[in-house]
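Right, one structure below, let's go through it.
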Amino acid sequence: MSSKSILEREFETRWRQLAPDAPDPVQEYRFAWKAMRRRWRFDFAWPASRLAVEIDGGQWAPHGGRHNTDGDREKLNAAAALGWRVMRFSGSMLREDPLGVIEQVKEAL
């Protein structure tokens, strides 16, 4: 059974449809911040380019849901300190403008 969310599956499908010649991402890519002995994962990553995509669900949840927590900010700050560029997309962005989302990622690559 997959642990991917519906939105992650949607991004994966759109990537394959709209970026067939682009490199495929590594899904659920794990990275670590040794100083904090923490391990996190990106929804999608292109390690050679140090580019990651996070698909944020639950944006209508109280207080922004699980993507509006200090733990999530800690993860993104650690990723930035390690040289990662992290692009974040909501379900609305993915549904309303899938081509725009995919084009932004392709441009970043």
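The values are calculated or read from the model by the stated rules, or taken from the named source; none is laboratory data. This one's a predicted model, so the numbers in the text were calculated from it and none came from an experiment.
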Here the residues within the range 1-54 that are assigned to a loop (DSSP other than H, G, I, E, B) and modelled with pLDDT of 95 or more are 19, 20, 21, 22, 23, 24, 25, 50
Of the residues in the range 55-72 that are over 18 Å from residue 28 (Cα atoms) and within 15 Å of the chain's Cα centre (by Cα), the one that is modelled with the lowest pLDDT is 59
